[in-house]
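Any read-out appearing in this document is the output of simple, stated calculations on the displayed coordinates, not a laboratory observation. The model shown is predicted, which means the values in this text are computed figures rather than measured ones. So basically every Cβ, Gly included, is an ideal-geometry build from the backbone, and we count neighbours across all protein chains shown.
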Amino acid sequence: MLQRIWNLVFDSMMRTSISPTIIQVGYRSNVIPAQAEATLDVRAVPDEDIPALVATLRKLIDDPAVEVIGPSAGRSPAPPSSTTSTMFQALEHAQAHVFPAAVTVPVLLTGATDMAPLRAKGVQAYGLGNLKTIEDMGRVHGNDERASVEGIGKFVELVYRAVIEVAAER
């Protein structure tokens, strides 16, 4: 189970992933549907060419009866945030205090984010997440997803320490 969870986590950091999340088809069990619609959740890596991805999907499907519609708005191309910025260093210091045995490692955030447009404008933006156990990772987006009180407390302490350090430098 643990290996399966980590494979899923890291797989979506290494390549663009596509999951059908909404499928609408038919209205009765004994009637062949005249049409169907699927919504795909595309988690694209930062340098993915979305129009090229849509073109590849059309080519792979290769059916003129199937319409592939890309996103209505594009995402801003943006460089990653720096690991030498004041905020990243403050996050490292806070992490060293709150989680002394851990190492701060920048990773690709696999969920939705508003950071790309900020980074495109030169803002150094970093995503942080609540403390999760391996068991918690298996419940992400499930009906039993939850956060521990201890994890939230550690998260608040980490953010507080980082903000205080950055504010003290100003």
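Some points to look at:
- Exposure proxy ranking, count of Cβ atoms within 10 Å, fewest first, for Met14, Met87: Met14, Met87
- Inter-label distance for Lys154 and Ser82, nm, one decimal - labels placed 7 Å from Cα along Cα-to-Cβ: 3.0 nm
- Residue-count net charge about Ile22 - beta-carbon cut-off 12 Å; Lys, Arg +1, Asp, Glu -1: -2
- Computed Kirkwood radius, in angstrom, where 1/r is averaged over Cα pairs of the range 52-152: 17.3 Å
- Theoretical gain in end-to-end length, Leu60 to Met13 [0.36 nm per residue, Cα-Cα removed]: 14.6 nm
- Surrounding net charge for Glu67, when Lys and Arg each add one and Asp and Glu each subtract one, Cβ distance under 11 Å: -1
- Dividing the alpha-carbon radius of gyration of the range 36-83 by the rule-of-thumb value 2.2 N^0.38 Å gives 1.42.
- Counting neighbouring beta carbons within 10 Å and listing from fewest to most, the residues Glu169, Glu157 come out as Glu169, Glu157.
- Each Cα pair under 8 Å and six or more residues apart adds its separation to the average, and for the chain the resulting relative contact order is 20 percent.
- Sorting Phe88, Phe10 from the fewest to the most surrounding beta carbons within 10 angstrom yields Phe10, Phe88.
- Length-normalised contact order of the range 2-61 in % [C-alpha pairs under 8 Å, at least 6 apart]: 31 percent
- Rg over Rh [alpha-carbon atoms, Kirkwood Rh] for the range 2-61: 1.12
- Two-decimal log10 I(q)/I(0) for the chain, as the Debye equation yields it once each C-alpha is a single scatterer, q = 0.13 Å⁻¹: -0.87
- Rounded to 0.05, the FRET efficiency of the Thr21 and Glu135 pair, given R0 = 22 Å and the Cβ-Cβ distance, is 0.40.
- Under 12 Å, Cβ to Cβ, from Pro79 - net charge with Lys/Arg +1 and Asp/Glu -1: +1
- Spin-label model, Glu48/Leu118: points 7 Å from Cα along the beta carbon direction are separated by 2.2 nm.
- Straight-distance crosslink candidates among aspartates and glutamates, where the alpha carbon sits under 13 Å from Lys59 and sequence neighbours closer than 8 are dropped: Glu67
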